[in-house]
1. Being at pLDDT 95 or above, touching a Phe, Trp or Tyr at 6+ places or on another chain (Cβ under 9 Å) and either farther than 21 Å from residue 358 by Cα or part of a strand (DSSP E or B) (or both): is that true of residue 404 here?
2. Would a scan of the stretch 121-135 turn up a residue that is assigned to a loop (DSSP other than H, G, I, E, B), in the same structural domain as residue 47 (by TED's automatic domain parsing), touching a His at 6+ places or on another chain (Cβ under 9 Å) and surrounded by fewer than 20 Cβ atoms within 10 Å (Cβ to Cβ)?
3. Could you please give the count of residues in the stretch 354-382 that are assigned to a loop (DSSP other than H, G, I, E, B), at pLDDT 95 or above and buried (at least 20 other Cβ atoms within 10 Å of the Cβ)?
4. List the pairs whose first member sits in the stretch 369-385 and is over 17 Å from residue 423 (Cβ atoms), whose second member is at pLDDT below 95 and in a loop (DSSP other than H, G, I, E, B), and whose Cβ atoms are under 6 Å apart, counting only residues at least 6 apart or on separate chains?
5. Could you check the stretch 51-76 and list, in sequence order, the residues that are surrounded by fewer than 19 Cβ atoms within 10 Å (Cβ to Cβ) and not aliphatic (A, V, I, L, M)?
6. Would you call residue 284 surrounded by 24 or more Cβ atoms within 10 Å (Cβ to Cβ) and either farther than 30 Å from residue 337 by Cα or out of contact with any helix residue (DSSP H, G or I) (no Cβ under 7 Å at 6 or more places or on another chain) (or both)?
7. From the residues in the stretch 440-455 that are part of a loop (DSSP other than H, G, I, E, B) and touching a residue at least 60 places away in the same chain (Cβ under 8 Å), which one is surrounded by the fewest Cβ atoms within 10 Å (Cβ to Cβ)?
8. Can you say whether residue 207 is among the charged types (D, E, K, R) and either in a loop (DSSP other than H, G, I, E, B) or under 28 Å from the mean Cα position of the chain (by Cα) (or both), as far as the supplied structure shows?
Amino acid sequence: MSVLLTGPNGKVMMAAPGRPMLLGPLEGGTSTRTVTSLSSIAGLAGWWDAGVAGGVLDPTGTPLTAFGAVAGGVADKSSVGSTLAVWHAATTGTAHPVATPRLNGLLGGLGLNMVIPPNLPASGQQLPLMDPDQGLLSAAMPLGSASAWTIFLVWSRPNWRQVNAAASTLLSIGGTPVLAADNATGTGRLVLFPGGQQTVLTSSLTRRHSHAVILRNTPGVGVDVWLDQTQLAAAAPNPLAASLSAPLLFLHNGAGNGGAECWFHEAAVWNNALFATGISGLLSYESRWTLGPRKGIQILVTGQSNSGNALNDGAWHLLAQGVAWHLGALGFGVVGNYGSPPAATCIHGEGLYPVPAFGFSGSFLNDPNDSSAPSTWGLGADGLAVQTWLQSDTAAADAADIAVILWPWSENDSTRQYSEKATYEAAARHFLALERGMLSRSAASLPQVWWSAIPFAYGANDSGMQMQREVVADMAADSTQNVTVVLPQTADSLPRSVGGSALVYDPTTGIWSGGDSMHRDIPDNRRFGMLAAPLVARAILAAEGGDTIAAIPAGVPTQGGPVATHVYRQSNTTLVVTVQHDCGTDLIVPATQAATGLGWTVIDGGSVASPARVVTATACTRLNATQLQITLAQSLIYPSASCRLFYPYGTTTIGRGNAVTDNLASVAPPAGWNIAADLGPGWSLNMPVHIPMATASGVVLSDTP
């Protein structure tokens, strides 16, 4: 067998007379190889990688050092050095795309979500809401049908196209679409050269997906196509002009609002038709991306006015954004509505069932007042409203994406008598089962997350508050319920500032006045959403509801902040509290009302339901990284075994900026898990100290250190 080596001009290449020379790598055969850099595949004419921040350029052409910044293009990693430029059909009113992190595992991409929480999407819109007039443009390339070429593209679609249902053009050149994806419910085609000579590559694209495609054109033969490791077409017709040199447009068809509404991840072009080994290497390189159907994380929120207020405040959309970040999820949103029957999930002034003592009608469950077991009660008007919203007013695809049920719910139910605990707990378990049933989901597949009851001073019922907190703790302790407490400390919040009663607050002292004491303020609601995100993400992941990230590392909160685990009665007026850190390493006692001991309370004898004495604190001092000293206003008189420390007890409001916290905001996060760097400095939060939620009934004092 003889081998004839030729150069680009077709002449035989000789190192010396009669001695052939190899001009470049000889490709062929069917052997596989592992490729970590596309530069190793000969003929590379352009390579652009937005999966890492450094591959993206700012509008001045400078490489980015971190995600979250606006972009002007994507750097060319090939030797050609031709930047992929941001492109819009419109000439005015356009915005730069943003280098966005964790769209596919720890890898990111380029695009523009036009609604960032706490801003809210309009009715019917899903997040991310992508810019409909955004693409990326290469320099002119010889890509006619008579030229040999190979194109590689990785993209993600987070939702159906939301401006209209037209196909998403993924590649176009000279006004001709090369590759397009159908964009309406019930269709899922990926089409090569849409039109009279089109080839349907697949009909199984999902609403949300990440895919890698390889197009290889061989002159006189046609186009071969691979999608995610599988060849879908061989020698497909190529209707392009034989000689065509024009810029390649990614994720846009060239017309107004013709953007694909997808994320751009990576692309490359070769000025040859790659041989089998080149294709094999490229297919192996694709493994850096998680390819195939993707998930959207929807959070179903149910409750009363504080649930609804926080929904309107954007708090739960912030939560969904943080959860999606932790799970590497492609889409996120909230399923819920603050309103009234016949269709709503958050309904003001309604307990789980009626509270006759205060005239609260409450009808999520219908109590027939015949002494029947709560497990037999049917849905009341409010419960039916939740069912209607989920089954009639929520798109089936969005309902299928619900990954967790959020209950920021406690208000009216906190006014009940402590003696009602068994009935209330049975009712809560029953309604949770019914709500999961509305979605045809099991407890194992659909976790529920709850908060420890916010201060609700209506009726000044401290024991009722504690009853409600204990029910939450009891359900969380029962593994069959799949319930997690994701906000164990909520008293570190302020009354809501409303027009008729404006909140007056001095952050330097922590002192406040005014406001609506039954509702939480906007900044606190939003902080609750951000604080809960890692714990909600862990709950979803444990129920196999994650996306491209399979595990959340140590160093990301697991219990909602530092927990008081031991209380030493140093004297009758001095306690030493030892905490177990979550992810922080130190304790911070702000020089506000926190230093006066606000919130620390001891039940001195008696029971949680009926305390003999309630003793508050006058000072709180940091002793060391894990211990606090609490000074009490009165001497304790009962034995330590009959005394319990709370933080807080009952309806006490600690207030924003007055809680003892850890120092999590200043602790270096695990590599790749700096949420504040990716989503903004508002996500840099210290976590508040709380009492263990195992019983929610305080920590018994000890006479030993």
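The values are calculated or read from the model by the stated rules, or taken from the named source; none is laboratory data. Nothing here was measured: the structure is a model prediction, and the numbers come from that model. Cβ sites come from the backbone with ideal geometry, for glycine too, and all protein chains shown count toward neighbours.
1. Details: at pLDDT 95 or above: yes; touching a Phe, Trp or Tyr at 6+ places or on another chain (Cβ under 9 Å): no; either farther than 21 Å from residue 358 by Cα or part of a strand (DSSP E or B) (or both): yes.
It is false that residue 404 is at pLDDT 95 or above, touching a Phe, Trp or Tyr at 6+ places or on another chain (Cβ under 9 Å) and either farther than 21 Å from residue 358 by Cα or part of a strand (DSSP E or B) (or both).
2. Yes, the stretch 121-135 contains at least one residue that is assigned to a loop (DSSP other than H, G, I, E, B), in the same structural domain as residue 47 (by TED's automatic domain parsing), touching a His at 6+ places or on another chain (Cβ under 9 Å) and surrounded by fewer than 20 Cβ atoms within 10 Å (Cβ to Cβ).
3. 3
4. Short answer, once both residue conditions are applied: 381/363; 382/350; 382/363.
5. To start, the set of residues in the stretch 51-76 that are surrounded by fewer than 19 Cβ atoms within 10 Å (Cβ to Cβ) comprises 52, 54, 58-63, 65-66, 68-70, 72.
Passing the criteria: 54, 58, 59, 60, 61, 62, 63, 65, 68, 72.
6. Here the answer is no, as residue 284 does not meet what is asked.
7. Checked the stretch 440-455; the qualifying residue surrounded by the fewest Cβ atoms within 10 Å (Cβ to Cβ) is 444.
8. Taking the combined requirement at face value, the residue satisfies it.
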